[in-house]
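Just below is one structure, and these are the notes that go with it.
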Amino acid sequence: MYMEEKISDKIDLDKIEIYPEPPAEEPARQYYFMAKCRNLVKKFERENGRIPKACVVNFGCQMNARDSEKLAGILETIGYGQTEEENADFVIFNTCTVRDNANQRVYGRLGELKWYKKRNPGMKIALCGCMMQEESVIEKLKKSYSFVDLIFGTHNIYKFAELLYTLLETGERVIDIWKDTDKIVEELPVERKYPFKSGINIMFGCNNFCSYCIVPYVRGRERSRQPEDILNEIRRLVKDGVSEVMLLGQNVNSYGRNLDRPVTFAQLLQETEKIQGLRRIRFMTSHPKDLSDELIDVMASSKKICRHLHLPLQSGSTRILEKMNRRYTKEQYVELVHKIRSRIPDMAITTDIIVGFPGETREDLEETMDVVRTVKFDNAFTFIYSKRTGTPAAAMENQVPKEQVKEGFDRLLKVVQDTARSQVGRYQGNVMEALIEEVNETDAGLVTGRLSNNTIVHVPGDASMVGTYVQVSLDECHGFYYMGHCVGI
Ligand code: SAH
Ligand code: SF4
Ligand code: F3S
């Protein structure tokens, strides 16, 4: 784990005056509570002869993962040691609720935590993230999960230190959920998972209300960060050894629209490109309806923007797309891909597809498969539709029978795999640049790298190569990844 250089490095927690009333403004208020928590952690150390350990577990998307790094940064600042073991002194689950199976995983793992807590009654258990923004979840937790000590949502995550202090000081259960917020608190500590690459939030929330999706309800309205705050964060990261960034938002293409001085996403990318020492820029996710010609121009002329675009299709049937409230047609999507590929031929395109949206027929699914065959995605994440309480689609009639969904899902998956294999494999025999990310988990004689187009390649190597850029020969394509060898730097 790598602590980012932030104002947290300049602030000495031991010098913060913690007796008077807490400051009202942020982030000073949170640093005040971090200092107070730190005293309690020191007390724990004196009494137990060891530092307490904390475990942060992430269940959601890249945005949630970035939030988890912020939670870890605060825990680190307070004095907790980090562990991946869930029988730690403090365990926090950062939850996701985009599909029901994400929720079920959390309940399953909570059952295990209850067990650990029985053996270590001093253990504290916390839940936060998207699932906590659902009333029915909170009701269930209150009723049947009394061993959970701290519960908060997505809007007040910046108050983590304050909420944790209340719990540690009183020993009593703390539940604090906000319905929404318009606030963005900058300059809290963050602890990164990788030293050489990082995600960066450029915006929060979503205004699109796709009819199946719960994200706008649990993440609130779209709010963009100020470009200068984003660029300064990237500059700091680069100084700290980061060479690849991923700009994160539910729909990055609408970035900046609601700022006092509006900025486009393409303009933000151009400014990011100028940062010296930064080598790769990625971003997620692009909504097809908002992908501008300006953005295509910027991508085409950029030396740093990676040759990978994640462009969720969801369905290839215009009829279903309309019911999904996606605001593009099958033809518009295909046309957009052609436009991008004609300007940037080596752009890898990946997508998300939902099978089993209410009312989806076999013919609709054929339309989707037709788009997959035409576009030839480098990869497609296929999801079975999951009914989310409170979304318009949940109230729609003719939910598709399970068997039909399963059968359609399997057929689609086959088409996706066949087309992706030939797409990914088109560079076999070429030499390309890879950023080496880690030592291979199953074979310590191999390292795993990522090409600009997001394809994975395994090459012989060792830990000293991690974080470096190397030229690799792509010898053999195995479906979604390559086996290769390093030919130089
Ligand atoms: N903001 C991103 C997607 C975020 S959710 C975008 O608009 O592309 C990630 C993916 O989860 C979505 O692209 C969609 O394919 C899938 N998803 C969202 N809600 C779902 C649901 N109710 N059932 C199944 N899949 C869903
Ligand atoms: Fe959900 Fe649509 Fe927003 Fe993506 S754009 S988060 S799918 S509502
Ligand atoms: Fe899940 Fe929340 Fe992300 S619902 S997909 S963690 S925004």
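The values are calculated or read from the model by the stated rules, or taken from the named source; none is laboratory data. Computed from a predicted structure; not experimentally measured. Here the Cβ positions follow ideal geometry from the backbone for every residue, glycine too, while neighbour counts run over all protein chains shown. Areas reflect the complete protein model, heavy atoms only, side chains present, ligands, DNA and RNA absent. Shrake-Rupley method; radii C 1.70, N 1.55, O 1.52, S 1.80 Å.
For the chain, Cys37, Cys55, Cys61, Cys96, Cys128, Cys130, Cys206, Cys306, Cys477, Cys486 have no disulfide-compatible partner, since no other Cys C-beta lies under 4.7 Å from theirs. For segment 14-87, the fraction of 1.4 Å probe accessible surface lying on carbon and sulfur atoms is 47 percent. Using a 1.4 Å probe over the heavy atoms of the protein chains, calculate the carbon and sulfur portion of the accessible area of segment 401-489 as a whole percent. Of the solvent-accessible surface of segment 401-489, carbon and sulfur hold 54 percent.
The stretch between Arg373 and Tyr481, if pulled fully straight at 0.36 nm per residue, gains 36.9 nm over its current Cα-Cα span. Applying 0.36 nm per residue to the separation of Asp293 and Lys193 and subtracting their alpha-carbon distance, the gain on full extension is 32.6 nm. Here Ser302 and Glu47 are evaluated by their C-beta separation; at R0 = 51 Å the FRET efficiency comes out at 0.40.
The dipole here belongs to the chain: it is taken about the Cα centre, uses +1 on the Cβ of Lys and Arg and -1 on the Cβ of Asp and Glu, and is about 440 debye.
Taking Cα atoms only, the orientation of helix 362-375 departs from the longest principal axis of the chain by about 80 degrees.
Mean residue ellipticity at 222 nm, helices only, the chain: -11500 deg cm²/dmol; runs of at least 4 DSSP H residues each add -39,500 (n - 2.57), and the sum is divided by the number of residues. Near Pro22: Cβ cut-off under 14 Å, other residues only, Lys/Arg at +1 and Asp/Glu at -1. The net charge is -3.
Once the Cα atoms of helix 227-239 and of the chain are each reduced to a long axis, what angle between those two axes, in degrees from 0 to 90 to the nearest 10, is obtained? That works out to roughly 80 degrees. For the Cα atoms of the chain, what angle does the longest principal axis make with the long axis of helix 28-48, in degrees from 0 to 90, nearest 10? Value to nearest ten degrees: 70. What shape does segment 398-471 have by the C-alpha gyration tensor, where a ≥ b ≥ c are the square roots of the eigenvalues, rounded means a/c under 1.5, and otherwise prolate means a/b greater than b/c and oblate the rest? Cα axes put segment 398-471 in the prolate bin. Inter-part distance, segment 126-159 to segment 343-407, computed on C-alpha centroids, equals 31 Å. Of all lysines in the structure, the ones whose alpha carbon falls short of 20 Å from that of Lys143, not counting any fewer than 8 places away in one chain, are Lys114, Lys117, Lys118, Lys124. At a probe radius of 1.4 angstrom, the accessible area of the chain per residue rounds to 44 square angstrom.
Taken as Cα centroids, segment 49-81 and segment 252-328 sit 30 Å apart, rounded to the nearest whole angstrom.
Quick check on segment 1-130: take the gyration tensor over C-alpha atoms, sort the square-rooted eigenvalues as a ≥ b ≥ c, and tell me if it's rounded (a/c under 1.5), prolate or oblate. Cα axes put segment 1-130 in the oblate bin. Relative contact order, percent, of the chain when contacts are C-alpha pairs under 8 Å separated by at least 6 residues? Once normalised by length, the contact order is 10 percent. Over the Cα atoms of segment 220-334, the radius of gyration divided by the Kirkwood radius equals 1.01; this is the Rg/Rh ratio. Rounded, prolate or oblate: which one fits the chain, using the alpha carbon gyration tensor with axes a ≥ b ≥ c (rounded when a/c is under 1.5, else prolate when a/b beats b/c, else oblate)? In terms of gyration-tensor shape, prolate. At 1.4 Å probe size, with the rest of the protein present, what percent of the exposed accessible area of segment 157-249 is carbon and sulfur atoms? Using a 1.4 Å probe with all protein chains present, segment 157-249 comes out at 50 percent carbon and sulfur. Structure note, pairs Lys323/Lys414; Lys42/Lys183; Lys15/Lys36; Lys70/Lys193; Lys70/Lys304; Lys42/Lys193: Cα-Cα distances above 20 angstrom occur for Lys323/Lys414; Lys42/Lys183; Lys70/Lys304; Lys42/Lys193.
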